[in-house]
Structure formats: structure tokens, C-alpha cells
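J.: Following this message is one structure expressed as C-alpha cells.
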Amino acid sequence: MRRIKIVLLVMLGILTAFLCGIFIYGMTGHNIYKAFRGGYYDHERDYVGIHLVLEQEVAIDGIDSISVSYSKNSNDVYLYEGQGDMLAIKEYNEVELNENELSTVSVNGSKLEIKGKRRSSRRVGAGFFHFGDGGGYTEVWLPASYKGELTLTTSSGDITSEMDLVLERDLKAASTSGEITMPDVTASNVSLGSTSGNVRIENIETNRNGTAGDINIATTSGDITLKQLSGETNIGSTSGYVNAETITGNAQIATTSGDITVQYIDGNAAVESSSGNAKILEGSGERSISTSSGDITIDGADGLWQIHTTSGEVCVKGQNDSGSIETTSGDVSLEIVELNGTLDINTNSGSVNMKFLQDSAFDFSADTTSGNIDTFFDDDLKFSKKGNSAQGTYGQNSQGNSIRIGTTSGDVRIKR
């Protein structure tokens, strides 16, 4: 009985601390319901208790820069395709707002700014501990004829485009904890970032004065999901994963603990993850991939690669390849159609297993301290007395291809 009382007291203390934290969080102006649901509104459903608090139209003739900023309240931002040459702004909220709490729309020369205001009033609304500014969203109806620069900024609100964006200048979108979701984007350069929110984009195409522009996408803990990218790409996430289907152009991708998966890259790629796995499938170009404890997979790539991992395993399936692999304790598995150049593999305690799908000629050397060496061309090699070192040439190596393998305690096996 005494133990049950102690457990109940501990649970009561935890619950009290939890509710106090929620209360303090809400009283500082945050929307508790949104925080727990990961987004207060579902834009696909009918709104209950939400109503229009601001509606305004602005002519975009002569406008080449539009900024939409909601860094002072929790509004979500939705982009829709407008009609004619008038930009429309519609702000919705579940409570009435004071005049000084409504968004402002201003034009200064060729620049248009839509700015959400800080809401000093603290309200208690319906729902689970719903404190804060009432909660709402803003619709921006942007004419398809607009081609200038577009900047979107929110604090905890999501940024969602329901229209394809075709711009001749830059697109920038950033949120602290909100998600960024867009379909097709065409712009000179594209920069997208969120701290804890996810980033989901269908297609991005860049064109900067006839050449590929820059694509920069970054999150801290949010995931990044992409379909097709065309441009010089730089992607970074701390603990979120990166998943991309097709990247055309050179790419740099880095995470700390998140996994990286790219289905196809047509261009050089530098990929780095500490504890996450890295998987780069088809494509052509140089590949530089490194992890600490994550596994590395290359499947169907054509080109030069450099691979480094500490304790992760390495699996490479290539077409016309060469490169270097360095591991500490991870095993190495290779399946190559045709060798083209030098293949250099070094591992401490990992084994090396290699398979050739086509006949290739090459110079060969392998050294291991306590492992075994077993190849399909043993008759062409000279082994040391202990059998832990072998050198020789397989076939008529007119192209000067070479394979060098070094291990400490791992085995070396090569077959076809």
C-alpha cells in the first residue's frame, strides 16, 4: 500500500508540473491546441467559429517584390492563384481582432509588404487549454502574371501554396516551427527553411541568367521530402531525414542523425551524415559520401566515388566505376559491371566481398593481417607464405586498371 501511495504521489507531481507548463506556455501567447495537433487548422475541412476579419486588394502593376511576414503571430499562410492583376489578402480568425491587431498591407515603390501584427490581447478560447491570439490564417490570392521576388515568413504558422509558382526572381520561405508545402516552383533561386517543421516540395526548377540557379533547403529537426530538383542544390537537416527522387545538377546534402535517400542524381554529389544512413541510387557523376555509424549504399551509379565510414557497412552496385572506400569496422560489399580506373579499399576489422558482372582486366594487390584471401583468379596471383598477401595481374590490362585492398582482420573474397 505504501508503494502505491508513493507511485500515485509521483504521478500527481508529474501531472501538476505538466499542467503548469502548459498554462505558462499558453499565457505567453502560444496556441496550445495547435502545438499538440501539429497545426490548428485542417484547410481541407469546414471551419467552425472562424470568420473573415480583413479583406483587401492591391494592384500588382509595377510591383516586383512581395513580402508576407507573420513572425509576430501564429497565422498560417496559404497561397492561391488570383484573377486579373489584383492581389487579394483575406485574414481569418476565430475571434474578433482589434484594429491594431489586424495585418497591414503597404506599398513602397515597387515593393509590397503584408505584415501580421503582434496581438497583445490574451484570450481563452474553446478547446483544450486554448490560450493566445485566437488563432487564424491568411490567404494570399496571387495573380499568375506576377513574376517578381516572393518572400514568405512565419513563426509557428505553416506556409502552404495551392498554386504553382512561376517567378523570374527569387523565392524565399522560412518558418520557425511551421511546415512548408508547395507544388511546382520555378524561380531564379530558391531558399526554404524551417527549424522544427517539415519541408515538402513537388518540383523545383531554377534558371539564373540562362544557367542553373541555387536551391537551399534547411531544417533542424524537420524532415525534407522532395520530388524533382533542377539547380545547384544544398540541403541540410540536423535530426530530420532527407528524401529526394531526382536531382539534376550538383548537390551537397548533410544531416547529423537523419537518413539520406536520393533515387537519382545527375551531377556531382557530396553527402555527409553522422549517425544516419546514406543511400544514393542511380545517376552519374562523382560521389563523395561519408558517415560515422551509418550505412552507405550506392546502387546503379556511374562514375567516381569516395566513401568513408567508421562503423557503418558499405554496399556499392555500380556500372562503370572506380573509387575509394575506407571503413573502420564495417563490411564492404561491391557488385561492379565494369572497372574503369583504380579501386582502393581499406578496412580495419571489416570483410571485403566483391563480384564482377562482366570480365575486366586489372592489376591486383591485397593484404590482410589475420584474414583470408580468396579470388576467382588465384592462379594469376603470387601469395605470401602465410597466404595473407597477394599480388598479380588478371587479364590483358591495357587500360591500366587496378584494385588495391587492405584489411586487418577481415577476409577478402572476389568472385564473378
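J.: Scan the stretch 239-255 residue by residue and report those that are more than 12 Å from residue 275 (Cα to Cα) and open to solvent by 10 Å² or more (accessible area, probe 1.4 Å).
T.: Hits for the stretch 239-255 are 243, 245, 246, 248, 249, 250, 252.
J.: Here's something else I'd like to know. Name the strands (runs of 3 or more DSSP E) wholly inside the stretch 65-112 in which the number of residues that are open to solvent by less than 10 Å² (accessible area, probe 1.4 Å) and either among the aliphatic types (A, V, I, L, M) or free of Cβ contacts under 8 Å to residues at least 40 places away in the same chain (or both) is 1 or more. Give the derivation first.
T.: Numbers: elements: 65-70, 76-82, 86-93, 104-108.
Filter on the stretch 65-112 gives 65-70, 76-82, 86-93.
J.: When you scan the stretch 373-392, do you find a residue that is in a loop (DSSP other than H, G, I, E, B), open to solvent by 70 Å² or more (accessible area, probe 1.4 Å), out of contact with any Ser or Thr (no Cβ under 7 Å at 6 or more places or on another chain) and of a type in the set (S, T, N, Q), even just one? Give the derivation first.
T.: Initial filter on the stretch 373-392 (in a loop (DSSP other than H, G, I, E, B)): 376-377, 384-388.
Keeping just the survivors that are open to solvent by 70 Å² or more (accessible area, probe 1.4 Å) gives 385-386.
Within this subset, residues satisfying the condition of being out of contact with any Ser or Thr (no Cβ under 7 Å at 6 or more places or on another chain) are 385-386.
Then drop every residue that is not of a type in the set (S, T, N, Q), which leaves none.
Checked against the condition, which is being in a loop (DSSP other than H, G, I, E, B), open to solvent by 70 Å² or more (accessible area, probe 1.4 Å), out of contact with any Ser or Thr (no Cβ under 7 Å at 6 or more places or on another chain) and of a type in the set (S, T, N, Q), the stretch 373-392 yields no hits at all.
J.: Residues of the stretch 203-231 being part of a strand (DSSP E or B) and open to solvent by 70 Å² or more (accessible area, probe 1.4 Å), which ones?
T.: Step one: list which residues in the stretch 203-231 are part of a strand (DSSP E or B), which gives 203-206, 208, 211, 214-219, 224-230.
Result: 205, 208, 211, 227, 228.
J.: Another question, then. Inspect the stretch 171-181 for any residue being part of a strand (DSSP E or B), open to solvent by 50 Å² or more (accessible area, probe 1.4 Å) and either over 16 Å from residue 68 (Cβ atoms) or not hydrophobic (A, V, I, L, M, F, W, C) (or both) and give the result as yes or no.
T.: Applying the first criterion (part of a strand (DSSP E or B)) to the stretch 171-181 yields 171-175, 180-181.
Among the residues that remain, those that are also open to solvent by 50 Å² or more (accessible area, probe 1.4 Å) are: 172.
Still in the list and also either over 16 Å from residue 68 (Cβ atoms) or not hydrophobic (A, V, I, L, M, F, W, C) (or both): 172.
There is at least one residue in the stretch 171-181 that is part of a strand (DSSP E or B), open to solvent by 50 Å² or more (accessible area, probe 1.4 Å) and either over 16 Å from residue 68 (Cβ atoms) or not hydrophobic (A, V, I, L, M, F, W, C) (or both).
J.: How many residues, within the stretch 147-162, are open to solvent by 10 Å² or more (accessible area, probe 1.4 Å) and in a loop (DSSP other than H, G, I, E, B)?
T.: 5
J.: Based on what the data block shows, is residue 365 in a loop (DSSP other than H, G, I, E, B) and either more than 31 Å from the chain's Cα centre (by Cα) or within 21 Å of residue 283 (Cβ to Cβ) (or both)?
T.: Numbers: in a loop (DSSP other than H, G, I, E, B): no; either more than 31 Å from the chain's Cα centre (by Cα) or within 21 Å of residue 283 (Cβ to Cβ) (or both): yes.
No.
J.: Would you confirm whether any residue within the stretch 346-364 is over 27 Å from residue 278 (Cβ atoms) and out of contact with any strand residue (DSSP E or B) (no Cβ under 7 Å at 6 or more places or on another chain)?
T.: Yes; the residues of the stretch 346-364 include at least one that is over 27 Å from residue 278 (Cβ atoms) and out of contact with any strand residue (DSSP E or B) (no Cβ under 7 Å at 6 or more places or on another chain).
J.: Still on this structure, I have one more. Just checking, how many residues over the stretch 80-90 are modelled with pLDDT of 95 or more and either more than 34 Å from the chain's Cα centre (by Cα) or farther than 20 Å from residue 62 by Cβ (or both)?
T.: Of the residues in that region, 4 qualify.
J.: Go through the stretch 32-74 and give me each residue that's at pLDDT 95 or above and under 22 Å from residue 181 (Cβ atoms).
T.: Passing the criteria: 66, 67, 68, 69, 70.
J.: So, one more: Among the residues of the stretch 380-402, is any within 41 Å of the chain's Cα centre (by Cα) and either charged (D, E, K, R) or under 20 Å from residue 316 (Cα atoms) (or both)? Steps first, answer last, please.
T.: So the first thing to find is which residues in the stretch 380-402 are within 41 Å of the chain's Cα centre (by Cα), and the list is 399-402.
Next cut, either charged (D, E, K, R) or under 20 Å from residue 316 (Cα atoms) (or both) only: 401-402.
Yes, some residue in the stretch 380-402 is within 41 Å of the chain's Cα centre (by Cα) and either charged (D, E, K, R) or under 20 Å from residue 316 (Cα atoms) (or both).
J.: Here's another thing I want to ask about it. Considering the stretch 352-362 alone, what residues qualify as being part of a loop (DSSP other than H, G, I, E, B) and touching a residue at least 60 places away in the same chain (Cβ under 8 Å)? Write out each step before concluding.
T.: Applying the first criterion (part of a loop (DSSP other than H, G, I, E, B)) to the stretch 352-362 yields 357-361.
None - no residue of the stretch 352-362 is part of a loop (DSSP other than H, G, I, E, B) and touching a residue at least 60 places away in the same chain (Cβ under 8 Å), so the list stays empty.
The values are calculated or read from the model by the stated rules, or taken from the named source; none is laboratory data. Just so it is clear, the structure is predicted and the values come from calculations on it, not from any experiment. A quick note on method: Cβ atoms are made from the backbone with ideal geometry, for glycine too, and the neighbour counts reach across all protein chains shown. Just the protein is used for accessible areas: all its heavy atoms, side chains included, with ligands, DNA and RNA removed. Shrake-Rupley method; radii C 1.70, N 1.55, O 1.52, S 1.80 Å.
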